[in-house]
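Trainee: Pasting in a structure now, in structure tokens, and then I'll have a few things to ask.
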Amino acid sequence: GMWFHVKDGKKVNDTTLVKYGGYWFYVKDGQVDFSATTLCYYGGYWFYVKNGEVDWTSNTLCKWNGMWFHVKDGKKVNDTTLVKYGGYWFYVKDGQVDFKATTLCYYGGYWFYVKNGEVDWTSNTLCKWNGMWFHVKDGKKVNDTTLVYYGGYWFYVKNGQVDFDY
């Protein structure tokens, strides 16, 4: 009832990926691990394994060795984007979730406000990005003209950006 990695007629006690029947399976210590959801380094790439097989369809996060990585189309990707996982949107920088980041992130045609690595849907605040200060509200950068209270002071916002000369 168990599946093992056999190579050159012998059972091999390795941790790798093995192609069998047109599918890629995750082998740990020589046995196929059908319960594994992990990353596996093979042939110069990191592959995303879900339930023992390489998952070519997911756009998700995967925790490996204590860190969270972005996986897409079966591989770990080194991008900077937003990824929805467990009902929340997380900020990924260079392929890894950045839980310290407070920044803006352009995704799907909008600028989203990220605080401590997650999109913050509740803030009405200012965010410094690329040397400029912008107004963010309800998770997105807004293009309004208003006053915003930030850090104990009121700031004038024109077209979504703080106007320090006004």
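The values are calculated or read from the model by the stated rules, or taken from the named source; none is laboratory data. What you are looking at is a predicted structure, and each value in this text was computed from that prediction instead of being measured. FYI the Cβ positions are ideal-geometry reconstructions off the backbone, even for glycines, and counts take in every protein chain you see. Remember, those area values only see protein heavy atoms, side chains included, never the ligands or the DNA or RNA. Shrake-Rupley method; radii C 1.70, N 1.55, O 1.52, S 1.80 Å.
Here's the yes/no breakdown for (1) touching a Lys or Arg at 6+ places or on another chain (Cβ under 7 Å); (2) exposed (fewer than 11 other Cβ atoms within 10 Å of the Cβ); (3) under 28 Å from GLU118 (Cβ atoms):
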residue	(1), (2), (3)
GLY1	no, yes, no
LYS19	no, yes, no
LYS28	no, no, no
ASP33	no, no, no
THR37	yes, no, yes
CYS40	no, no, yes
GLY52	no, no, no
LEU61	no, no, yes
ASN65	no, yes, yes
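Trainee: Is it the case that some residue within region 61-78 is over 23 Å from THR125 (Cβ atoms) and among the β-branched types (Val, Ile, Thr)?
Mentor: Let us first name the residues in region 61-78 that are over 23 Å from THR125 (Cβ atoms), namely 61-78.
Imposing the further condition that a residue be among the β-branched types (Val, Ile, Thr) reduces the set to 71, 77.
Yes, some residue in region 61-78 is over 23 Å from THR125 (Cβ atoms) and among the β-branched types (Val, Ile, Thr).
Trainee: Kindly evaluate TYR41 against the criterion of being in contact (Cβ under 8 Å) with a residue 12 or more places away in the chain and over 22 Å from GLY87 (Cβ atoms).
Mentor: Details: in contact (Cβ under 8 Å) with a residue 12 or more places away in the chain: no; over 22 Å from GLY87 (Cβ atoms): yes.
So TYR41 fails the test.
Trainee: Give region 111-141 a look and list any residue that's farther than 19 Å from VAL157 by Cα and open to solvent by less than 80 Å² (accessible area, probe 1.4 Å), or say none.
Mentor: If the condition is that a residue be farther than 19 Å from VAL157 by Cα and open to solvent by less than 80 Å² (accessible area, probe 1.4 Å), then VAL114, GLY117, GLU118, VAL119, ASP120 are the ones that fit.
Trainee: Run down LYS100, LYS141, LYS84 and say which single residue is without any contact (Cβ under 8 Å) to a residue 40 or more places away in the chain, under 28 Å from TRP68 (Cα atoms) and touching a His at 6+ places or on another chain (Cβ under 8 Å). Break it down stepwise before answering.
Mentor: Details: LYS100 fails: touching a His at 6+ places or on another chain (Cβ under 8 Å); LYS84 fails: touching a His at 6+ places or on another chain (Cβ under 8 Å).
Just a single option satisfies the conditions, and that option is LYS141.
Trainee: List pairs: first in region 146-161 and farther than 20 Å from ASN130 by Cα, second basic (Lys, Arg), Cβ under 9 Å, 6+ apart or cross-chain?
Mentor: Between residues of region 146-161 that are farther than 20 Å from ASN130 by Cα and residues that are basic (Lys, Arg), the close pairs are THR146/LYS158.
Trainee: Might you let me know whether region 88-98 holds any residue that is of a type in the set (Val, Ile, Thr), in contact with a Phe, Trp or Tyr (Cβ under 6 Å, 6 or more places away or on another chain), more than 20 Å from ASP144 (Cα to Cα) and buried (at least 18 other Cβ atoms within 10 Å of the Cβ)?
Mentor: At the first step, the residues of region 88-98 found to be of a type in the set (Val, Ile, Thr) are 92, 97.
Subset that is in contact with a Phe, Trp or Tyr (Cβ under 6 Å, 6 or more places away or on another chain): 97.
Next cut, more than 20 Å from ASP144 (Cα to Cα) only: 97.
Remaining after also requiring buried (at least 18 other Cβ atoms within 10 Å of the Cβ): 97.
Scanning region 88-98, I find at least one residue that is of a type in the set (Val, Ile, Thr), in contact with a Phe, Trp or Tyr (Cβ under 6 Å, 6 or more places away or on another chain), more than 20 Å from ASP144 (Cα to Cα) and buried (at least 18 other Cβ atoms within 10 Å of the Cβ), so the answer is yes.
Trainee: Further question: Output the residues belonging to region 73-87 that are in a strand (DSSP E or B) and either open to solvent by 90 Å² or more (accessible area, probe 1.4 Å) or small (Gly, Ala, Ser) (or both). Walk me through how you get there before you give the answer.
Mentor: Step one: of region 73-87, the residues in a strand (DSSP E or B) are 75-76, 81-85.
Answer for region 73-87, where residues must be in a strand (DSSP E or B) and either open to solvent by 90 Å² or more (accessible area, probe 1.4 Å) or small (Gly, Ala, Ser) (or both): just LYS84.
Trainee: Sticking with this one: Could you tell me how many of the residues in region 111-166 are outside any strand (DSSP E or B), under 27 Å from VAL92 (Cβ atoms) and either touching a Ser or Thr at 6+ places or on another chain (Cβ under 7 Å) or of a type in the set (A, V, I, L, M) (or both)? Show your work before the answer.
Mentor: Taking region 111-166 as the starting set, the residues that turn out to be outside any strand (DSSP E or B) are 116-117, 120-123, 130-131, 138-139, 142-145, 151-152, 159-160, 163-166.
Among the residues that remain, those that are also under 27 Å from VAL92 (Cβ atoms) are: 116-117, 120-123, 130-131, 138-139, 142-143, 160.
With either touching a Ser or Thr at 6+ places or on another chain (Cβ under 7 Å) or of a type in the set (A, V, I, L, M) (or both) added as a condition, the list becomes 116, 142.
So the answer is 2.
Trainee: Report, ordered by the first and then the second residue, all pairs with beta carbons closer than 6 Å, sequence separation of six or more or different chains, a first member in region 9-26 that is without any contact (Cβ under 8 Å) to a residue 60 or more places away in the chain, and a second member that is acidic (Asp, Glu) and in a loop (DSSP other than H, G, I, E, B).
Mentor: What qualifies is ASN13/ASP29; TYR26/ASP33.
Trainee: Continuing with the same structure: Among the listed residues PHE69, PHE90, PHE99, identify the single one that is more than 9 Å from the chain's Cα centre (by Cα), modelled with pLDDT of 95 or more and not basic (Lys, Arg). Working first, answer last.
Mentor: On the way: PHE69 fails: more than 9 Å from the chain's Cα centre (by Cα); PHE90 fails: more than 9 Å from the chain's Cα centre (by Cα).
When all the criteria are applied, what remains is PHE99.
Trainee: Scan CYS62, CYS40 and give me the residue that is over 26 Å from LYS7 (Cβ atoms) and at pLDDT 95 or above.
Mentor: On the way: CYS40 fails: over 26 Å from LYS7 (Cβ atoms).
Only one candidate qualifies: CYS62.
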